[in-house]
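I have placed the structure first, in the form of structure tokens, so that the comments after it can refer back to it.
Read-outs throughout are calculated quantities, based only on the coordinates presented, and are distinct from any laboratory measurement. Here the structure is a predicted model, which means the values were calculated and not measured. Please note: Cβ atoms are built from the backbone with ideal geometry, for glycine as well, and neighbour counts cover all protein chains shown.
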Amino acid sequence: GQQLNQNPQSMFIQEGEDVSMNCTSSSIFNTWLWYKQDPGEGPVLLIALYKAGELTSNGRLTAQFGITRKDSFLNISASIPSDVGIYFCAGRGSTLGRLYFGRGTQLTVWP
Amino acid sequence: DGGITQSPKYLFRKEGQNVTLSCEQNLNHDAMYWYRQDPGQGLRLIYYSQIVNDFQKGDIAEGYSVSREKKESFPLTVTSAQKNPTAFYLCASSILDKTYEQYFGPGTRLTVT
């Protein structure tokens, strides 16, 4: 399968700080998505991006679809304790129904 | 409430036994998926189905089997041929026009000893 490189693997931050994470691929994707997974639960879709250059916000979350279509970024502003979890990027290529996932960024927020 | 149900949440089996994981959705989604998650790893696709009575292998289908007899249900069988079956298994679904927007169930943690 296609490989997505997601960085960083883990982050330890204080409440109130901003967070940035990114995902890169060796292949072009038509859609980029960002999911969040709480411990022991299934991932929940946060943001979907459909066009190169697109910038989309969902509350304190902002994600961008890279111009090259091979990368995406997720920013979280003013982090709070409930932001704790694993954030996954996912990309959709040309094969219908197939998503490829990054390995995730484990976010820990200290009060 | 519409959603995806996976049962049970935790499952324990002895090595050599087949085990079937349940996945049901009432979202009227056409497509359903099974993923495997290991610690520190991303989600890896096992099987997916876009229509009843049809399914395709994902990246790690060996040692697994599925069926899609009803639109709402997509059970996964972990066979004794799967060499390392202990993992967290996630089921997802989507509408056919938006297969990239997949919605996940709560997962089943399978432990084989």
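The table for this structure:
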read-out	value
Per-pair calculated FRET efficiency, R0 = 22 Å: A:Glu41 and B:Lys98 via Cβ, rounded to 0.05	0.50
Per-residue average of Cβ from other chains inside 10 Å of A:33-42	4
Cβ-placed point charges (K, R +1; D, E -1), dipole of chain A about Cα centre in debye, nearest 20	540
Low-density loop positions, GluC sites (Glu not before Pro), the range B:14-113 - DSSP coil, at most 11 other Cβ in 10 Å	B:Glu15, B:Glu62, B:Glu69
Partner chain coverage, peptide B:83-91 - average Cβ within 10 angstrom	1
When each of B:Lys14/B:Lys71; A:Lys36/B:Lys9; A:Lys51/B:Lys71 is checked by Cα-Cα distance, pairs over 23 Å	B:Lys14/B:Lys71; A:Lys51/B:Lys71
Relative intensity, log₁₀ I(q)/I(0), of the range B:9-95 from a Debye sum that treats every alpha carbon as a point, q = 0.13, 0.14 Å⁻¹	-0.39, -0.45
Protection-proxy order for peptides B:28-34, A:22-28, each taking the mean of Cβ atoms within 10 Å per residue, highest first	B:28-34, A:22-28
Under Karplus coefficients 6.51, -1.76 and 1.60, residue-wise ³J(HN,Hα) of the range A:15-32 in Hz, glycine/proline x	3, x, 7, 8, 10, 10, 9, 9, 9, 10, 9, 7, 10, 7, 10, 8, 9, 10
Per-residue HN-Hα couplings for the range B:81-96 [Karplus 6.51, -1.76, 1.60; θ = phi - 60°; Hz; x = Gly/Pro]	7, 6, 6, 9, x, 5, 5, 9, 10, 10, 9, 9, 8, 7, 7, 5
Scaled radius of gyration (Cα, divided by 2.2 N^0.38 Å) that the protein assembly as shown gives	1.01
For the range A:39-48, 3J(HN,Hα) per residue [Karplus equation, 6.51 cos²θ - 1.76 cosθ + 1.60, θ = phi - 60°, Hz, x = Gly/Pro]	x, x, 10, x, x, 10, 5, 9, 9, 10
Those aspartates and glutamates that a straight Cα-Cα span of less than 18 Å connects to B:Lys83, excepting residues fewer than 8 apart in one chain	B:Glu15, B:Asp38, B:Asp59, B:Glu62
